[in-house]
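Each remark here refers to the structure printed beneath this line.
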Amino acid sequence: MQRQAEIERNTLETRIRVSLNLDGTGESRLDTGMPFLEHMLDQVARHGLIDLEINAEGDLHIDGHHTAEDIGIAIGQAVARAVGDKKGIRRYGHAYVPLDEALSRVVLDFSGRPGLEFDVAFPRAMIGAFDTDLFYEFFQGFVNHAGVTLHMDNLRGRNSHHIAETLFKAFGRALRMALEPDPRMAGVIPSTKGSL
Ligand SMILES: [Mn+2]
């Protein structure tokens with residue numbers, strides 16, 4: 001059985017539809033009006049082996065803030081719905097990903113408790129038309145609605161495009177590890193509390 005979900009989230013600021021399959025092949029179809037964010041989400045799909053379809057119409061005439069944050073929220077909602085009661089998953093995931101001079105580490109836990117530790121400094125304020133402040137907003141939106149504890153550290157890097165790419169690739173890899181079925185945990189919720 002494939003773990004899939006579809007979320008539609010409409011506000012006065014954004015209209016977003018996310019459809020994903022956690023047991024996919026890494027295909028993505030993204031139409032958000034934010035090309036750099038699409039480049040990053042494509043990495044999450046590819047490295048997380050998640051099929052991801054996103055249509056977003058946001059108030060980009062103001063700036064990208066609402067759109068980036070709300071895409072994070074909608075992906076978080078879709079992941080939470082698709083993963084269900086978390087029976088049989090590994091729960092924890094981590095990855096180190098380098099890209100040339102840049103190196104990032106992402107560690108996450110499907111704990112049910114939202115939390116973001118984000119130790120990343122971008123040398124540039126903008127990557128193309130994308131404001132680097134919005135990465136934090138995207139991931140904060142995600143953790144709040146996925147119920148994930150997420151630690152993201154950029155360990156080194158000079159180029160902001162590279163730094164962002166290592167973060168998103170490592171995020172995809174860590175998601176894949178955490179969401180993978182653990183054959184020795186089959187049918188078991190990976191917590192001594194009995195729920196997550
Ligand atoms: Mn790139």
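Numbers below:
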quantity	calculated
Amide H within-cut-off set for Gly26, under 5 Å, with H built and near neighbours excluded	Ile50, Asp51
Cα gyration tensor of the range 4-185 - equivalent ellipsoid semi-axes, whole Å, descending	23, 21, 14
Residue order, fewest to most beta carbons within 10 Å, for Thr67, Thr132, Thr25	Thr25, Thr132, Thr67
Derived scalar couplings ³J(HN,Hα) [the range 134-141; Karplus, 6.51 cos²θ - 1.76 cosθ + 1.60; whole Hz; x for Gly, Pro]	6, 4, 4, 5, 4, 5, 5, x
Percent RCO, i.e. relative contact order, over the range 53-123, from Cα pairs under 8 Å lying at least 6 residues apart	16
Amide proton proximity set for Gly88, modelled H, under 5 Å, gap of 5+	Gly187, Val188, Ile189
Cα gyration tensor shape of the range 55-122, rounded if a/c is under 1.5, else prolate or oblate by comparing a/b with b/c	oblate
Amide H within-cut-off set for Leu116, under 5 Å, with H built and near neighbours excluded	Leu150
R0 of 25 Å, Cβ-Cβ distance Thr25-Asp100: FRET efficiency to nearest 0.05	0.40
Rounded to whole Hz, the Karplus (6.51, -1.76, 1.60) HN-Hα couplings of the range 114-122, x for glycine and proline	x, x, 10, 10, 10, 10, 9, 10, 9
Relative contact order computed over the chain (Cα-Cα under 8 Å; 6+ residues apart), in percent	27
Relative contact order (%) - the range 1-76, alpha-carbon pairs under 8 angstrom, separation at least six	34
Under the Karplus curve 6.51 cos²θ - 1.76 cosθ + 1.60, θ = phi - 60°, whole-Hz ³J(HN,Hα) for the range 179-185, x wherever Gly or Pro sits	8, 5, x, 9, x, 7, 10
Exposure proxy ranking, count of Cβ atoms within 10 Å, fewest first, for Ser195, Ser28	Ser195, Ser28
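Each value in this text was obtained by applying a stated rule to the coordinates, not by laboratory testing. Treat the numbers as computed from the prediction; the structure is a model and nothing was measured. Reconstructed Cβ throughout: ideal geometry from the backbone, glycine too, with neighbour counts over all protein chains shown.
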